[in-house]
1. Run the quick spin-label model on B:Phe60 and B:Ala91: label points 7 Å from Cα toward the beta carbon, then report their separation in nm to one decimal.
2. Zone of A:Leu80 (label point 7 Å along Cα→Cβ, backbone N under 18 Å): which residues in segment B:232-273?
3. Please compute the length gained on full extension between B:Asn129 and B:Trp160, using 0.36 nm multiplied by the number of residues separating them and subtracting their Cα-Cα distance.
4. If you fit an axis through the alpha-carbon atoms of helix B:286-314 and take the longest principal axis of the Cα set of chain B, what angle between them do you get, 0 to 90°, nearest 10?
5. Let me know the charge dipole size of segment B:91-286 about its Cα centre in debye, to the nearest 20, where only the beta-carbon of Lys, Arg (+1) and Asp, Glu (-1) is charged.
6. Hey, if we sort B:Trp270, B:Trp160, B:Trp126 by accessible area with the 1.4 Å probe, largest down, what's the order?
7. Over chain A, consider all pairs of different Cα atoms and compute the Kirkwood hydrodynamic radius from their mean reciprocal separation; express it in Å, one decimal.
8. Could you work out how far helix B:2-29 tilts from the main Cα principal axis of chain B, as a 0 to 90 degree angle to the nearest 10?
Amino acid sequence: MTDTVLKVVNLTVKIPTRQGVLRPVDKLSLEIAKGKILGVVGESGAGKSMTGNAVIGLLDPPAHISGGEIWLNGKRIDTLTREPMRAVRGKQIGMVFQDPLTSLNPLLPIGDQLTETMLEHLDISASEAEKRAIAALEEVGIPGAAERIKSYPHEFSGGMRQRVVIALALCAEPSLVVADEPTTALDVSVQAQIIALLKRLCAERGTAIMLITHDMGVIAETADDVAVMYAGRMAELGPVRDVLTRPTHPYTQGLMASTPLAAKGGKRLNQIPGAMPRLTELPAGCAFHPRCPIAKDKCRADPAPTLGAGDGRAACWFAGEAGP
Amino acid sequence: MLAFAIRRAFQSLIVLLVVGLVAFSMFNFVGDPIDSMLGQERTGADIERLRTQLGLDQPFPVQYYRFLESAVQGNFGISYRLGRPVSKIIAERLPATLELAMVSAVLAIVFGVALGVFTAIRRNGWAANTVMTLSLIGVSLPTFLIGILLIYLFAVELGWLPSFGRGDVVDLGWWRTGFLTQSGLKALVLPAITLGLYQMTLIMRLVRSEMLEVLRQDYIRFARARGLRDRSVYFRHALKNTLVPVITVTGMQLGSIIAFAIITETVFQWPGVGLLFINAIRFVDIPVMAAYLMLISVMFVIINFIVDMLYFAIDPRLRVDRTGSAQK
């Protein structure tokens with residue numbers, strides 16, 4: 001287990017509101033090994049981004065971690081206070097956000113944004129930082145990096161800016177990158193390049209990636225493992241090939257049946273009836289039961305079993321019974 | 001950028017010409033200057049002679065042109081009341097107003113920005129809430145009342161500071177300053193606070209709301225995700241992004257500080273151009289009024305020009321070559 005980079009155990013995030021306490025993340029457990037890519041998928045509001053923010057310690061109040069543990073490289077980080085956690089961010093966990101157009105400070109040259117990050121976390125001189133900034137930009141494929149470090153974000157296209165963001169996330173050589181929908185805001189033609197770039201750079205460095213997305217195609221091509229989230233809970237967790245080809249949780253099965261694949265030809269896509277419940281009106285028992293084709297009395301009464309890291313595949317009493 | 005500067009300079013010139021026209025019109029429409037200059041016992045011949053002598057028999061455009069010609073040379077005629085060249089009188093009075101305005105502006109900007117950032121960062125802290133509540137006083141109380149309250153408290157009750165005047169001044173030949181004597185500095189305190197308080201609270205509230213807006217932006221989140229220190233996040237990343245709107249408003253406020261020094265100067269009997277202007281109105285001293293109007297408009301125009309140039313210094317997105325096809 002020494003090469004486990006990130007280990008999340010029974011993580012629960014709560015948001016106190018006037019309608020009661022919401023749990024956007026509920027008893028979630030997952031693990032990422034060194035150099036591996038974990039894809040986290042789910043519908044909007046399933047708690048994917050909330051999980052990513054909890055890991056990097058940037059939950060917006062009043063959201064807060066109310067239970068569970070987060071371990072990074074064998075060190076517990078969810079209990080760290082402000083200042084030590086700040087030192088972990090950027091240095092040990094890099095983050096890539098969804099929209100590259102708004103992730104960069106418009107008034108600072110990109111070179112300055114790179115060097116300030118490195119000077120904060122690495123014990124190097126300003127001139128060394130500038131050299132590394134140029135190298136980092138070259139690595140992410142910015143042509144003419146030596147001149148472009150003086151350029152401002154608005155002088156780059158969206159895809160190029162996301163490359164800069166990736167350079168920024170990796171410049172202090174973190175052991176984990178949390179990529180929160182890194183390609184959603186980009187052109188389809190650029191998406192594949194960005195994902196390939198992220199994958200290559202992390203493979204070279206042995207950096208683990210937590211790839212948050214709702215794009216099953218990206219997961220299929222990129223991830224080693226996949227975690228399927230539903231209404232804040234882990235629905236299914238396992239190696240990507242198993243989960244995608246032989247899903248056992250009825251939600252994952254529905255998800256796969258509704259994903260357009262070339263192999264399926266021109267057949268009509270299935271859809272899962274209904275919509276994911278809002279966090280304020282979660283049903284009793286398993287959160288998925290109102291939409292589940294195989295729901296039984298037990299599902300309406302008892303919450304689905306909680307998945308522990310490493311064990312089991314699907315958080316379902318009758319996993320695998322419906323058949324794909 | 002140069003093209004922009006030239007275009008703005010040209011626009012400024014038009015503004016000044018229009019203000020000049022208004023100032024000049026006062027001579028013709030606010031009473032007859034001949035009436036003011038000649039006493040009760042005058043003859044028709046006196047009037048005609050003076051009219052010709054002053055060129056008032058010329059057509060309006062010719063008169064306006066001559067007014068502009070001499071205004072550009074700094075000649076605004078002779079004060080009806082004081083009988084001395086207006087430019088001289090203003091030159092004597094201007095240092096007092098400029099020193100007062102400068103101190104007020106520095107106070108307003110330094111404290112306004114600092115408190116604005118503070119109240120934005122500690123949004124829910126009791127100290128920030130107290131400052132915000134107090135700032136309502138600055139925004140809502142009229143200037144003269146604040147002045148009178150300050151005089152009552154610090155001059156009358158406590159006796160710490162003088163209630164009027166400028167104290168002792170040192171004559172530097174072309175500039176009489178109150179900065180170099182203790183009584184001059186002491187006399188500056190109350191008027192400067194009175195004049196700057198409103199602008200300070202305005203700048204503070206503006207900086208606060210802009211900061212709150214910017215702190216919600218993705219790049220601030222990303223800066224935090226990169227593990228930058230709070231100081232860097234707040235000042236290097238957030239504050240700079242608030243500056244464009246803040247500078248716009250601050251620039252306009254600086255103009256108003258000079259223009260509305262009138263009230264403060266009246267309350268504190270501060271011997272500046274504002275007080276001169278008030279007295280000029282009382283005696284319908286039109287050359288002084290016209291010169292003051294021109295002076296204030298020149299200052300407004302200069303400040304606005306500087307503000308426009310500052311935008312370029314702050315925001316690189318404006319430095320795009322406007323002749324390119326990608327312009328908006």
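1. 3.4
2. Within reach of a label on A:Leu80: B:232-233.
3. Extra length available between B:Asn129 and B:Trp160 comes to 8.2 nm.
4. Taking Cα atoms only, the helix is inclined about 30 degrees.
5. 1080
6. These residues rank, largest area first, as B:Trp126, B:Trp160, B:Trp270.
7. 20.7
8. Between helix and principal axis, roughly 40 degrees.
The values are calculated or read from the model by the stated rules, or taken from the named source; none is laboratory data. Every value quoted in this text rests on a predicted model; they were computed, and no experiment measured them. When we count neighbours, we look across all protein chains shown, and the Cβ atoms used for this are built from the backbone with ideal geometry, even at glycine. Ligands, DNA and RNA are excluded from the accessible area calculation, which covers all protein heavy atoms including side chains. Shrake-Rupley method; radii C 1.70, N 1.55, O 1.52, S 1.80 Å.
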